[in-house]
Structure formats: structure tokens, C-alpha cells
Amino acid sequence: MTIAATARTSENGRDPASLIGVARLAKMAFDRTDMNPVQEDLVARIVRDPGDAAALMDLASVNVLFGLRADGLRLQALALRQNRLYRRPPTIPDAAPIRLLAFMAPGDFMANAPLEFLLEGSNVSLDMLYVEPGAALPEAIPEHDLAIVAVGESDANRAILREVASLVRSWPRPVLNAPERIAALSRDAACARLGATGGMVIPRTVRIARSNLALVALGATTVASVLADGAFPIIARPIFSHAGDGLAKLDDPAAVADYLRTRPERQFYVSPFVDYRSADGLFRKYRVALIDGQPYASHMAVSEHWMVHYLNAGMTESAAKREEEARFMAAFDGDFALRHAAALRALAEGVGLEYFAIDCGELPDGSLLLFEADVAMIVHAMDPPDMFPYKGPQMRKVFAAFHAMLRKRARA
């Protein structure tokens, strides 16, 4: 492998193929733009040139956005067999852009850190190198100022993180986000590693085989035997689930039995249910990005249901909820971040990554309740400004902090 000032060739002997990119395509879909012309153009490009790997990658993203995840991943795999280097040029042209190389994993939009979103409005040139365990790197890697490990924590990405760890030990440029620290963010490992942090509650989480969960359903064993000090109700989710897929609150053995009848998976995460509703009976979930150790508000969702996701919390239907989110963002530095300063500082130090994000809530006693920490949580500025006028300024603040961190590390 060579990294030289003139070495800008990709696997096919050209510059890394430039993409339309996930961020731009997702924004079009979010705005309900007719995607058919884009899809037709990408298909026409592939018909003209079956080796157009960039068109295949963008078409894969379009399929995932249309809900055709399996088709999208098949197209992505075909593209990666042809080329594993792709480029997202700066959104602001610059004669001397920051050149960032990202180590990436194959997968959907939740497989990697949302770098394309974070780099909106920047002079950063992003080259994405998809890593395959055991496969040699491209013969020439584009010149870059620094690199970042974008691969999110998951069982599917574990081998990739190990591969990246072996690569970056002798990498000739600064590398952000140590892969072994990302690997330590699994739900069970994170609670064991970070559970003693002052001012923060992290519910104990364990992996459990389907057979052991079935014993709980039969009443042949107790919750406490699989989850120390545990009792009903519990939360269960498949190991590989995202965005609440398969997440359920189980109140008794009969509920466990019903749950297993609907889920085919072989392994699950189990944790105690923590009632984190506020005094008004509503549940609030916060997403916070931690950039170079500093917290930044990303979004807040308010819901009548304990399983809170921004898209199902009714934020677009409720002006009152949006007004509360606006107040949260405006007062974040002097309120939420100040009240939880010790916990957030300890969390940043314990995780030890230059960039990651958390989903969290607050308990009645004022403690921070951590749901999850990872690098791959979506952080974006796609919400319509007429309905969410406060989102744009806040997300520009997040993006500016990320850009500043890159500039600082590149100079160092």
C-alpha cells in the first residue's frame, strides 16, 4: 500500500468514484421529491456501463430509502465487488480541503457513523474505504490528512472492527475513533464498563439464548436467574435489531411466550424495564452527540409511549412538542448539559471516542438514564425548516463542532 501526494487512484485506476451520496438522496426522499427520475438515470448508467460502481452504490441507497433493504444490500455487495473506494466531494469548494478517509462497513444507513450528514456545508473531502476482513487494501489509498473509523458496533461488524484495528496500528496518518473502543459499546459490554458512572443510570443488560428465555416463559426459571436482581417487567430485543424492531416490554411469563412466538431470532438482549416517564406522564428521549468530549443536542422526542422514536412520537403533529424541543435545544448548554455535566464528562472519558452519540432519558431523581451509545446513530438536518425552524441553527452548530474537531486533529 502506498500513500503519496500523487497517489489518488482507486482500485480501477481512477479517482475514487464520486457518489450522489446518502445525505443528498435521503434529503430528497425526506422532502418527498419524486425519486423515479434519479432511479431511472442510475439504471441507465449501469446499463451503459455495468462497471459503474458509483451508480450501483447510489441505486443501493435509493432502494434502502424505498424500504427495499434486501435489494439495496445486494446492489451494494455487487458494487463493492467492483470497487471499495468512494468519494463525497466537499459541499463547499475549497482549494485546500480537509481530506478525510473513513473506514466503513457494508450495510444500511445504520451500519456506519453519519459522516455525510455531519459534513454538510463543509470543505471536507470524504473518501470512504469499505473494509472486508481478510481482503487486501486497494493498491493505492488517496492522500488524506486524517482518518476516522466510522464502523458502528454490531455483531455483524465485529470482524470488520478487528480488521480495522490491525490496519490502524501502523497507519501513517492520525486515526480518530479507536475501533476497539467502538467494539466495547455493545449493550451488554457498555453497561458493565460504564455502569458505575456517577449521576447516570445504565440498566443491566445481558445476552440470553432463546432456549433460556423460553425457560422463563415456561416458569421453569426466574428472571433473576438470567438477569441478576431482575424481575418483571423486562425489556427484550433481538441482538441484531435497530430502531425498535422487535423491542418489547414483557410483564410476565405469558408475555414472554407470546413474544417468542412472534420472533424467530436465536439470541436476545434482556434488561429491566425502567419507568422514566416525567411528572406529566410523558416519556422524553434525548439524542446527544459528543464531539471531542463536548455534548451537543441533536434531537428530543416526547411521546405517550415508553418506546420513543422520533418518527413515531408525533412531533410533526404537535406544535407543543416541537416548542418543547426548541426550548431544549436553545437552553441545552445552560440546562441539560449543565445538570448532567459530571455524567456526560465521565461518559466521554469512559467511551474514549472523538465522536459518538447517545440516546438517553432522565429519571425523576435527576439522574441521566442511558439507553445506548454508538457512533452510528443518525444525526441530520433534514427536517423541513418551516415546521422545525429551530433545527437548522442547532444542527449547524453540531456540524461546525465536528468540522472544528477535524481541523484541529488534522493540524496536529
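The values are calculated or read from the model by the stated rules, or taken from the named source; none is laboratory data. All of these numbers come straight from a predicted model, not from anything done at the bench. Neighbour counts run over all protein chains shown; Cβ positions are idealised from the backbone, glycine included.
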* Pair list, Cβ under 9 Å, 6 or more apart: segment 288-313 residue within 20 Å of residue 392 (Cβ to Cβ), other residue aromatic (Phe, Trp, Tyr) and assigned to a loop (DSSP other than H, G, I, E, B) -> 288/332; 295/332; 296/332; 297/332
* Hey, residue 125 free of Cβ contacts under 8 Å to residues at least 12 places away in the same chain, assigned by TED's automatic domain parsing to the domain that holds residue 66 and either under 19 Å from residue 18 (Cα atoms) or more than 16 Å from the chain's Cα centre (by Cα) (or both) or not -> no
* Members of segment 54-94 that are loosely packed, with under 15 Cβ neighbours inside 10 Å and among the aromatic types (Phe, Trp, Tyr) -> 66
* **Those residues of segment 255-291 which are crowded, with 22+ Cβ neighbours inside 10 Å, farther than 29 Å from residue 207 by Cα and not β-branched (Val, Ile, Thr), in sequence order** => none
* Hand me the list of strands (runs of 3 or more DSSP E) wholly inside segment 224-314 holding 3 or more residues that are within 23 Å of residue 186 (Cβ to Cβ) and touching a Cys at 6+ places or on another chain (Cβ under 6 Å). => none
* **Failed item in (1) modelled with pLDDT under 90; (2) buried (at least 17 other Cβ atoms within 10 Å of the Cβ), with residue 195 passing the rest** => (2)
* Qualifying position, being out of contact with any Ser or Thr (no Cβ under 8 Å at 6 or more places or on another chain) and either among the aromatic types (Phe, Trp, Tyr) or in contact (Cβ under 8 Å) with a residue 40 or more places away in the chain (or both), among 187, 193 -> 193
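Residue-wise test of (1) surrounded by fewer than 15 Cβ atoms within 10 Å (Cβ to Cβ); (2) out of contact with any Ser or Thr (no Cβ under 8 Å at 6 or more places or on another chain); (3) at positive phi.
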{"residue": "293", "(1), (2), (3)": "no, yes, yes"}
{"residue": "303", "(1), (2), (3)": "no, yes, no"}
{"residue": "310", "(1), (2), (3)": "no, yes, no"}
{"residue": "335", "(1), (2), (3)": "yes, yes, no"}
{"residue": "353", "(1), (2), (3)": "no, yes, no"}
* Structure fact -> Filter segment 34-43 for residues that are part of a helix (DSSP H, G or I) and touching a helix residue (DSSP H, G or I) at 6+ places or on another chain (Cβ under 9 Å); the one that is nearest to residue 85 (Cα to Cα) is 42
* Structure fact -> residue 403 passes all but one of the listed conditions (1) in contact with a Ser or Thr (Cβ under 7 Å, 6 or more places away or on another chain); (2) surrounded by 17 or more Cβ atoms within 10 Å (Cβ to Cβ); (3) assigned to a loop (DSSP other than H, G, I, E, B); the exception is number (3)
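The rows are residues; the columns are (1) within 21 Å of the chain's Cα centre (by Cα); (2) more than 23 Å from residue 317 (Cα to Cα); (3) among the β-branched types (Val, Ile, Thr); (4) not assigned by TED's automatic domain parsing to the domain that holds residue 355.
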site	(1), (2), (3), (4)
246	yes, yes, no, yes
251	no, yes, no, yes
255	no, yes, no, yes
259	no, yes, no, yes
263	no, yes, no, yes
268	yes, yes, no, yes
290	yes, yes, no, no
298	yes, no, no, no
301	yes, no, no, no
* Asked: Restricting attention to segment 198-224, which residues are surrounded by 18 or more Cβ atoms within 10 Å (Cβ to Cβ), among the hydrophobic types (A, V, I, L, M, F, W, C) and touching a residue at least 60 places away in the same chain (Cβ under 8 Å)?
  -> 200, 201, 202, 208
